[in-house]
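Scroll down for the structure; my scribbles are underneath it.
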Amino acid sequence: MFPEVPRPFNTQYKCFSVSMMPGNDRQDVERGGKIIMPPSALDTLTRLHIVYPMLFKLTNKKTDRMTHSGVLEFVADEGKVYLPYWMMHNLLLQEGDLLNIECVSLPVATYACFQPQSEDFLDITNPKAVLENGLRSFACLTAGDMIAIKYNSKIYEMCVLKTEPGSAVTIIECDMNVEFAPPVGYKEPEKPQPKEEDKVHPADLMPEPTGFIAFKGSGNRLDGKKRKDSSQKEFQTAKPTYVRGIPDYEYNIGTLSFLRNIMQINDKEEKTEEEVFQAFTGEGFSLRKPRK
């Protein structure tokens, strides 16, 4: 009369690393985050009507260490499961130890933060693309795990610092934001501080100009009358001539300065007041020819 309540999948197996599996070398298992289980486990899961994808919680009850994984195949010998070496290392398992496996349901990942365990990871041109390609062999992530990613015949260990929305998430068909923490042992390069003797003050870079300065004098009216602003102060000293290699410390943002080179006059060639040009002092000429 009452429907049969499905019992949860919760059993124990003897665990071994993938290298102990008979047959060909299974590097595809070693590089990922999935395990190989016996055929009887598939029969039991089918009868229990387990929802796909199949995700499992792996627990070492001796050390109270746990992680999560998916399943790759059901071809292991009865009573045995085969795990990647990095997963056995995280669970502190030895060859032949008992491992408790329980079927669970995990939320879909939205965020994960990883910390490389070596500074060599900084030499990778596109680390996010490398991580994305490596995580294709994973079904889920657990905060605190030390996963292994292989790239260019080299294995990079990555610590999963944080996952959202939970401490264990599934990464199958998800849109996950990824961040990297600084690698272990990495230090930001220190900027060299300039010595006191090497510091140059702006006053030393822009000395006061000497010699001829254009438009420094005061003007006069042609009718001889005094200027209305004659009582005002004289014009301020002109801005120093631009010197290549010396920055303009008085520059205002949003302005344009048109630089002109001014020829300096040697002191020997300076003319006296009598030799300076004066208006209307030349000789005149008559348009009418004189009679002989």
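The values are calculated or read from the model by the stated rules, or taken from the named source; none is laboratory data. Small disclaimer: the values here were computed from a predicted structure and weren't measured. Quick note on the areas: whole protein, heavy atoms, side chains included, nothing else; ligands and nucleic acids left out. Shrake-Rupley method; radii C 1.70, N 1.55, O 1.52, S 1.80 Å.
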Amide proton proximity set for Leu55, modelled H, under 5 Å, gap of 5+: Val104
Fraction of antiparallel bridges per DSSP, the range 1-101 only, in percent to nearest 5: 65
Prolate/oblate/rounded label for the range 94-167 (Cα gyration tensor, a/c 1.5): oblate
Of all accessible heavy-atom area on the range 50-172, the percent that carbon and sulfur account for (1.4 Å): 50
For the range 106-167 and the range 21-86, distance of Cα centres in Å: 20
Accessible area expressed per residue, the range 87-147, with surrounding protein chains retained (probe 1.4 Å, Å²): 46
Anisotropy class of the range 1-107 from Cα gyration tensor, a/c 1.5 cut: prolate
Too-long pairs where the Cα-Cα distance tops 32 Å, listed order kept, from Lys150/Lys191; Lys61/Lys128; Lys14/Lys162; Lys128/Lys191: Lys150/Lys191; Lys61/Lys128
